[in-house]
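Below is one structure, written out as structure tokens, with a few remarks after it.
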Amino acid sequence: MASGFVVRLALTAGIGGLLFGYDTGVISGALLYIRDDFSAVDRKTWLQEIIVSAAVAGAIAGAAVGGYVSDRFGRRSAILAADVLFLGGAVGMAAAPSPGIVVLGRVLVGLGVGMASMTSPLYISEASPAGIRGALVSLNGFLITGGQFLAYLINLAFTKAPGTWRWMLGIAGVPALVQFILLLFLPESPRWLFRKGREEEAAAILRRLYKPDEAEQEMQDLRNSIQAESQDEGSTLKVNVLNLWKTTAARRALVAGVGLQIFQQFVGINTVMYYSPTIVQLAGFASNQTALLLSLITSGLNALGSIVSICLIDRTGRRKLLIISLCGVIASLGLLSAAFHATAAHSPSASHQDPAFSIAYKCPDFIQSDPSRSWDCMDCLKASSPDCGFCASMTNKMHPGACLIANATTKGQCHVEGRDWYTRGCPSRYGWLALTGLALYIIFFSPGMGTAPWVVNAEIYPLRYRGIGGGIAATANWVSNLIVAQTFLTLTEAIGTSLTFMIFGVISVIALIFVLLCVPETKGLPIEVVEKMLESKSWKKIAKPAQTEKSSNV
């Protein structure tokens with residue numbers, strides 16, 4: 001059982017995960033209302049992608065700097081710095097007079113989130129007993145998904161409030177301030193202190209974290225690790241990427257850690273979290289409120305999956321959870337691709353004979369098209385000179401509707417007629433099939449691919465390379481996140497939503513092969529033992545016996 005002090009430390013550090021999750025989730029709902037306030041954002045897809053991706057770009061820099069800061073100044077100090085950045089960014093966004101200031105605030109928030117994303121799991125891991133380390137680091141993952149769920153609740157709570165999106169983005173400064181205050185009363189990582197030669201301080205903290213005999217064993221393991229490091233012919237070399245790559249255990253750890261972080265993003269999770277309401281609208285649900293409510297369900301499932309991970313990761317193991325997770329993700333993406341293909345193939349037609357709207361309201365491309373060629377809703381939404389929208393039939397959404405110019409006047413007239421107005425997706429009989437695929441995707445992703453990459457990266461690197469290794473892996477995660485976030489809407493417009501999800505499915509198959517070939521099992525192993533395991537030529541074969549032996553000693 002974990003002591004109350006260990007749990008308090010993990011929960012406090014995990015607020016960094018809450019900030020990570022809140023930022024991921026809140027922008028999806030805020031973006032709907034930023035589009036309403038700034039017409040330039042509404043008209044330009046690339047500007048929407050920049051607002052979403054600015055935080056990710058900041059997080060890339062934050063993760064890269066975080067590795068250095070956490071090694072140079074300590075894990076706790078790095079998280080405190082992240083809180084200051086996050087608080088400044090949140091206040092700036094809440095007061096933003098233009099899209100440019102929103103983007104600047106997102107960059108500041110991203111810097112903080114990037115630092116916290118790699119430092120918080122590392123801080124928790126270095127202060128956790130081996131037998132429950134996976135669960136405590138997974139607690140950080142639960143707080144990430146909990147932050148996403150909280151973001152959707154906040155989004156819903158402020159849909160009718162003045163300054164809607166400003167409240168959504170500004171309130172994120174509160175958990176940063178809370179974490180900053182709580183961290184002032186917690187110690188530095190004992191392993192970082194030991195590495196810096198502050199052995200007495202490290203010993204005092206370990207005695208608070210462990211039972212007396214376990215604390216002494218941990219101290220001995222650390223001494224052995226430092227002694228082995230000093231005898232290593234490469235130990236006198238500067239800690240940098242080149243020397244990391246020359247070290248067998250560190251190189252194998254880096255391949256596994258970076259690969260997991262890249263694949264976590266390229267299987268498509270943050271397209272779901274950043275653009276969840278938009279995906280719901282693409283599935284045929286026009287209302288902003290409906291899209292946010294349905295997105296709340298998916299974020300709730302994500303949080304539930306993280307609880308499953310906490311319960312299973314130290315029993316089932318990291319590798320097995322990853323394999324099960326990816327198998328489910330592949331099947332779910334197949335269902336999503338099929339559902340959106342059916343939606344596009346059975347889109348309601350656009351009628352030339354709709355007495356409710358004069359020719360002044362009609363989409364110019366539709367009016368000028370060949371009368372012998374029938375248009376449907378999907379054709380209408382692809383029109384671009386100017387942009388057009390689809391006003392569904394009053395009697396049945398799948399009956400022929402009107403293809404109109406997309407502006408506030410026609411949108412208002414459509415609603416006056418008691419109809420639904422579509423600009424993101426079309427009415428569909430298959431909307432609930434798409435939502436089912438979305439829910440299954442989250443259910444399978446969250447317990448494995450959602451948390452295990454962070455757990456593995458927090459425990460797999462040799463002590464002297466832990467900061468730089470974790471920083472590289474976190475940076476790889478955020479770079480991948482940026483690529484996916486910046487291209488998702490463009491891809492859906494260029495090749496369609498169905499093919500976009502199919503691409504994610506193919507990448508998921510590659511990710512499964514990677515896990516089978518390159519990721520070791522670290523369940524129950526002390527961090528110092530993981531290094532010895534990865535140095536062995538037969539590291540995959542000895543993982544299971546080593547873990548069994550340790551389990552019998554606990």
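The values are calculated or read from the model by the stated rules, or taken from the named source; none is laboratory data. Please read these numbers as outputs of a predicted model, since none were measured by experiment. Here Cβ is always computed from backbone atoms with ideal geometry, including for glycine, and neighbour counts include all displayed protein chains. For accessibility, only protein heavy atoms count, side chains too; no ligands or nucleic acids. Shrake-Rupley method; radii C 1.70, N 1.55, O 1.52, S 1.80 Å.
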Practice problem: Would you give the gap between the C-alpha center of region 129-146 and the C-alpha center of region 510-534, rounded to a whole Å? | Solution: 18 Å
Quiz item: Taking +1 at the Cβ of each Lys and Arg and -1 at the Cβ of each Asp and Glu, which of LEU304, GLY170, ALA350 sits farthest along the dipole of the chain towards its positive end, judged by Cα position relative to the Cα centre?
Solution: LEU304
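Given R₀ = 35 Å, FRET efficiency for ALA61-ALA157 by Cβ-Cβ distance, to 0.05? Mind dumping the intermediate values first?
Values: r = 32 Å, r/R0 = 0.91.
The computed FRET efficiency comes out at 0.65.
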Quiz item: Quick one: Karplus J couplings for region 350-365, per residue in order, coefficients 6.51, -1.76, 1.60, θ = phi - 60°, nearest Hz, x for Gly and Pro?
Solution: 9, 9, 7, 10, 10, x, 6, 10, 6, 5, 5, 7, 6, 5, x, 4
Quiz item: Taking all protein chains as present, what is the carbon and sulfur share of the accessible area of region 92-152, in % to the nearest whole number, probe 1.4 Å?
Solution: 86 percent
Quiz item: Taking a label point 7 Å from the Cα of GLU201 along the Cα→Cβ vector, which residues of region 436-471 have an amide N closer than 20 Å to it?
Solution: 463-468
Quiz prompt | Of the DSSP H helices in the chain, those whose Cα atoms cover at least 24 Å axially and whose Kyte score averages -1.0 or more | solution = 4-37, 45-73, 75-94, 99-126, 133-157, 248-266, 288-316, 318-345, 466-495, 497-518
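What is the extension gain from CYS327 to ALA360, computed as 0.36 nm multiplied by their sequence separation minus the C-alpha to C-alpha distance, in nm to one decimal? Working shown, then result.
Numbers: separation 33, 0.36 × 33 = 11.88 nm, distance 5.16 nm.
So the chain would gain 6.7 nm between CYS327 and ALA360.
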Practice problem: Starting from the Cα of ALA345, step 7 Å toward the Cβ, then list every residue of region 479-500 with an amide N under 17 Å from that point. | Solution: 496-500
Self-check item: Förster radius 22 Å - calculated FRET efficiency between HIS415 and LYS382 (Cβ-Cβ, nearest 0.05)
Solution: 0.45
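Could you calculate the contour length gain from THR248 to VAL178, that is, 0.36 nm times the residue separation minus the distance between their Cα atoms, to one decimal place in nm?
Details: separation 70, 0.36 × 70 = 25.20 nm, distance 4.08 nm.
Additional length available on full extension: 21.1 nm.
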Quiz item: At a Förster radius of 22 Å, what calculated FRET efficiency corresponds to the Cβ-Cβ distance of THR423 and ILE101, to the nearest 0.05?
Solution: 0.25
Quiz prompt | the chain - mean residue ellipticity at 222 nm from DSSP helices (-39,500 (n - 2.57) per run, n ≥ 4, rounded to 500) | solution = -24500 deg cm²/dmol
Quiz item: In terms of modelled amide H atoms, which long-range or inter-chain residues lie less than 5 Å from the amide H of ASP376?
Solution: ALA350
Exercise. State which entries of LYS246/LYS523; LYS362/LYS397; LYS196/LYS320; LYS160/LYS362; LYS211/LYS523 exceed 28 angstrom in Cα-Cα distance in the structure shown.
Key: LYS196/LYS320; LYS160/LYS362
Quiz prompt | Peptides ranked, highest mean first, by Cβ atoms within 10 Å: ranges 114-120, 65-71, 389-395 | solution = 114-120, 65-71, 389-395
Quiz item: Per residue, how many Å² of accessible area does the chain show with a 1.4 Å probe?
Solution: 39 Å²
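Around LEU206, under 13 Å between beta carbons, what's the net of Lys plus Arg minus Asp minus Glu among the other residues? Each step should come with its number before you reach the end.
Details: positive: ARG191, ARG198, ARG207, ARG208, LYS211, ARG223; negative: GLU126, GLU188, GLU199, GLU200, GLU201, ASP213, GLU214, GLU216, GLU218, ASP221.
Every neighbour counted, the sum reads -4.
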Quiz item: Put +1 on the Cβ of each Lys and Arg and -1 on the Cβ of each Asp and Glu in the chain; which of LEU183, GLY496, VAL416 then has its Cα farthest toward the positive end of the dipole?
Solution: LEU183
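I need the shape label for the chain. Rule: rounded when a/c is under 1.5, else prolate if a/b > b/c, else oblate, with a, b, c from the alpha carbon gyration tensor. Write out the running numbers ahead of the final one.
Working: a/c = 2.62, a/b = 2.03, b/c = 1.29.
Prolate, since a/c reaches 1.5 and a/b exceeds b/c.
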Quiz item: If each of MET394 and THR290 carries a label point 7 Å out from its Cα toward its Cβ, how far apart are those two points in nm?
Solution: 1.8 nm
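Classify region 144-200: rounded, prolate or oblate, from the alpha-carbon gyration tensor (a ≥ b ≥ c, eigenvalue square roots; a/c under 1.5 rounded; otherwise prolate if a/b is larger than b/c)? Can you show the working numbers first?
Values: a/c = 5.14, a/b = 3.32, b/c = 1.55.
Taking the square roots of the gyration eigenvalues as a ≥ b ≥ c, region 144-200 is prolate.
Once you charge only the Cβ atoms, +1 for Lys and Arg and -1 for Asp and Glu, what is the size of the charge dipole of region 29-174 about its Cα centre, to the nearest 20 debye?
Numbers: 10 positive and 7 negative charges, 7 e Å.
Approximately 40 debye in magnitude.
Multiply the residue separation of ALA494 and LEU186 by 0.36 nm, subtract the distance between their alpha-carbon atoms, and state the gained length in nm to one decimal. Don't skip to the answer; put the middle values down first.
Details: separation 308, 0.36 × 308 = 110.88 nm, distance 5.05 nm.
Fully extending the segment from ALA494 to LEU186 adds 105.8 nm.
With +1 on the Cβ of every Lys and Arg and -1 on the Cβ of every Asp and Glu, and nothing else charged, how large is the dipole of the chain about its Cα centre, in debye rounded to the nearest 20?
Details: 44 positive and 36 negative charges, 131 e Å.
For the chain, the charge dipole is close to 640 debye.
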Quiz item: Considering the chain, which cysteines have no disulfide-compatible partner, defined as another cysteine with its Cβ under 4.7 Å away?
Solution: CYS311, CYS327, CYS518
